[in-house]
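Only one structure is covered here, and it is reproduced in the block below.
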Amino acid sequence: MEMKRLNVLLAVYMILLLISCAVAKLRKEKERKKMPKLGVENNNLCTIEGNSAPFHCFCSDGTSTANATKAKCWVFNGLTPEHSLWTLFSTQPFITELNIMVTPNGELNFIPTKGLQFLRDLQTFTILYGGIEDIHPYAFANLTKVHEIKLARNRVTTLSHHAVAHLANVSVIDLDENKISELNRDVFVDLPLLKKLFLKQNNISVIQEGAFRHLGHLVELELGTNAISILTKDTFAGLGELKKLFLSYNKIVMLGDLTFAELWVLEELDLEANQIEFISDRAFAGLTHLWRLNLSYNKLKSLRSTLLDGVPAIINFDLRHNDLETLTLDNIKPILHNFYNESGYFYLANYEDLITILFCLLLVNPFHV
């Protein structure tokens, strides 16, 4: 009797187990049907199928095989940082150039770190027209070979600490045309080969002291068309190899002593279209390599007699469209000899002291006004 009862219980258990498996299978099949059609037969980043897929990628030299080196992806809607589709980047591990374009009706408000982790050979990475507001810490982790990161024309407002960090080969970072309002310390960290940093057309009004202290090999810094009003010596601390600094179309009113003293080898300085009314005697002190200085479209009424003593190498000097009331020979005497050769240019307009200018024209030939 006991044996018969045991057999019945065992049979019931087996039936329940079979029912449970069948239900699970049906549930899984139901979930699978809800997912966009992705081309399961290939399961490849370059052959995503289905109108409901949140993005499609086109590869220039690889489709069904895992040999693509360039991919351009169009993003629609429905993507999250943890979406399973990001794992498809593992099917094309040799991509060196990735361009992500967000369609007019699409949305991408994060850096797809989950997908990027599979692209160990990536060298150039671009996201254009996204809605990214925050670049989170270590957003580009493990991209040890990347040398260009381009995130222009997104909506970036915040750069978190270590947002761009530990990238041994990156040489260019482009963050133009975003909404960044403040540059904090320790955003750009351990970037030993970074040469160019573009931050034009943002809303930057505050640059914390030491914001660039880790960028000792930076050569070009673009900060034009922002809302910067105050510069100090500590603003550019750490930029010992900077050669080009662009600060046009900001709100700078004055330049104090030693403002650019940390920039030992600076060659080009563009301050066009600010609101500069006063420049200290020693504002440019130490810039012995500076050959181009643009101060056009400001509000200068006069120049200190010793202003140009610290910049003896200037051969391109632009003072057009200021409010200059006088300009004497003493003002430009420290650099006058530079305009004897044909490569020297001195641009001047809206001046009143015409006698002085004509006198200078007689002294220097050619002399461009």
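The values are calculated or read from the model by the stated rules, or taken from the named source; none is laboratory data. None of these values were measured; they are calculated from a predicted model. A quick note on method: Cβ atoms are made from the backbone with ideal geometry, for glycine too, and the neighbour counts reach across all protein chains shown. SASA here: full protein model, heavy atoms, side chains in, ligands and nucleic acids out. Shrake-Rupley method; radii C 1.70, N 1.55, O 1.52, S 1.80 Å.
Miscellaneous remarks
- Cα centroid separation - segment 230-306 against segment 86-140, whole Å: 37 Å
- Distance-filtered residues of segment 295-321 - backbone nitrogen under 16 Å, label point 7 angstrom along Met254 Cα→Cβ: 299-304
- Out-of-range pairs (alpha-carbon distance over 19 Å; input Lys195/Lys251; Lys251/Lys301; Lys114/Lys196): Lys195/Lys251; Lys114/Lys196
- The slack between Arg155 and Ala168, meaning 0.36 nm per residue of separation minus the straight C-alpha distance, is 2.1 nm.
- The residues of segment 268-345 expose on average 43 square angstrom of accessible surface per residue, using a 1.4 Å probe on protein heavy atoms.
- Dipole of segment 217-286 [Lys/Arg +1, Asp/Glu -1 at C-beta], most positive-end residue of Asn274, Ala261, Ile230: Ile230
- Each Lys and Arg contributes +1 and each Asp and Glu -1, all at the Cβ; summed about the Cα centre of segment 165-242, the dipole is approximately 60 debye.
- If only the Cβ of Lys and Arg carry +1 and only the Cβ of Asp and Glu carry -1, the dipole of segment 122-270 around its Cα centre is close to 280 debye.
- Rounded, prolate or oblate (a/c below 1.5 giving rounded, otherwise prolate when a/b exceeds b/c) for segment 202-246 by Cα gyration tensor: oblate
- Chain lengthening between Asn184 and Asn43 when straightened (0.36 nm per residue, less Cα-Cα): 46.5 nm
- When the listed pairs Lys200/Lys244; Lys299/Lys333; Lys243/Lys299; Lys150/Lys179 are checked against a 24 Å cut-off, the alpha-carbon distance exceeds it for Lys243/Lys299.
- Size estimate for segment 167-208 follows the Kirkwood approach: the inverse of mean 1/r over distinct Cα pairs works out to 11.1 Å.
- Of the trypsin sites (Lys or Arg not before Pro) found in segment 257-344, those that fall in a DSSP loop while having at most 16 other beta-carbon atoms within 10 Å are Lys299, Lys301, Arg304.
- The simple spin-label model puts a point 7 Å past each Cα toward its Cβ; for Arg120 and Arg304 those points are separated by 5.6 nm.
- Approximating the spin labels as points 7 Å out from Cα along Cα→Cβ, the Glu209-to-Asn109 distance works out to 3.7 nm.
- Using a simple spin-label model with pseudo-atoms 7 Å out from Cα toward Cβ, Lys233 and Ala66 lie 5.7 nm apart.
- Distance distribution P(r), segment 119-182, all Cα-Cα pairs, bin width 10 angstrom from 0: 23, 55, 21, 0 percent.
- Compared with the direct C-alpha span, the chain from Lys244 to His83 gains 53.8 nm at full extension, assuming 0.36 nm per residue.
- Using a Förster distance of 25 Å, the FRET efficiency for Trp264-Leu193 (Cβ separation, nearest 0.05): 0.80
- Apportionment of accessible area to carbon and sulfur, segment 203-309, percent (1.4 Å): 49 percent
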